[in-house]
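Worksheet: one structure, shown below.
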Amino acid sequence: MNEIEILNYAQMNFIQNGLYMVAFTAFIFITFRLMRFQREQNTNIFGKLLVTIFGLCTVFFGYNVFSFLYSNQLGQSYRLSELQSSGVELTALSQNWINYMGYTVDDGLPIPFGPEPLAYVFLITLTVMIIAGIWANLTKN
């Protein structure tokens, strides 16, 4: 595989991940809309459980999306570094990508299922918001 193929596959991965992010955003909107509806209708435990399950599935989907993005970024850096270590001279753009990501062939294959650290903060916050929004009494009274 040459440099242009690696860069082309990486761009296709970014486009694919962007579409997943649009879906994730839509799922977040639907989740918060369901939370509002169940609160306005004062649903029973079964309704709250269904909304909670949907919300947690949304969080898991987001975990996958963030994992795909980070894995693709590290994978691109790894493949470019691998190409460079085989003696191919890379363009400045590819060399900058390796330097920016800081991930080389010496680090081994990237972990396929783990997002970057800030994504964990976002997903934990979203999880707390979903569970508290469904089960906690958040009124001022």
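The values are calculated or read from the model by the stated rules, or taken from the named source; none is laboratory data. The model shown is predicted, which means the values in this text are computed figures rather than measured ones. Backbone-built Cβ (ideal geometry, glycine too); neighbour counts: all protein chains shown.
Being over 12 Å from the mean Cα position of the chain (by Cα), in a helix (DSSP H, G or I) and free of Cβ contacts under 8 Å to residues at least 12 places away in the same chain is the requirement here; does residue 60 meet it? Break it down stepwise before answering.
Values: over 12 Å from the mean Cα position of the chain (by Cα): no; in a helix (DSSP H, G or I): yes; free of Cβ contacts under 8 Å to residues at least 12 places away in the same chain: yes.
Here the answer is no, as residue 60 does not meet what is asked.
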Q) Would a scan of the stretch 70-77 turn up a residue that is free of Cβ contacts under 8 Å to residues at least 60 places away in the same chain and loosely packed, with under 13 Cβ neighbours inside 10 Å? A) no
Q. Are there any pairs, at least 6 apart or on different chains, whose C-beta atoms fall under 6 Å, with the first in the stretch 4-20 and over 16 Å from residue 94 (Cα atoms) and the second part of a helix (DSSP H, G or I) and of a type in the set (Phe, Trp, Tyr), and if so, which?
A. 17/68
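Output the residues belonging to the stretch 22-54 that are surrounded by 15 or more Cβ atoms within 10 Å (Cβ to Cβ) and of a type outside the set (Val, Ile, Thr).
24, 27, 32, 34, 35, 38, 39, 47, 48, 54
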Q) Which one is nearest to the chain's Cα centre (by Cα), of the residues in the stretch 112-127 that are among the aliphatic types (A, V, I, L, M) and surrounded by 11 or more Cβ atoms within 10 Å (Cβ to Cβ)? A) 119
Q: Quick one: residue 86 ticks every box in (1) among the polar types (S, T, N, Q); (2) in contact with a helix residue (DSSP H, G or I) (Cβ under 7 Å, 6 or more places away or on another chain); (3) modelled with pLDDT under 95 except a single one, so which number is it?
A: (2)
Q) Is there any pair with a first residue in the stretch 119-141 that is free of Cβ contacts under 8 Å to residues at least 40 places away in the same chain and farther than 15 Å from residue 25 by Cα and a second that is exposed (fewer than 10 other Cβ atoms within 10 Å of the Cβ) and not polar (S, T, N, Q) whose Cβ atoms are under 8 Å apart and which are 6 or more apart or on different chains, and what are they? A) 132/138
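Could you list all residues from the stretch 98-113 that are in a helix (DSSP H, G or I) and over 15 Å from residue 71 (Cβ atoms)?
Taking the stretch 98-113 and keeping what is in a helix (DSSP H, G or I), we get 98-101, 105-107.
98, 99, 100, 105, 106, listed by residue number.
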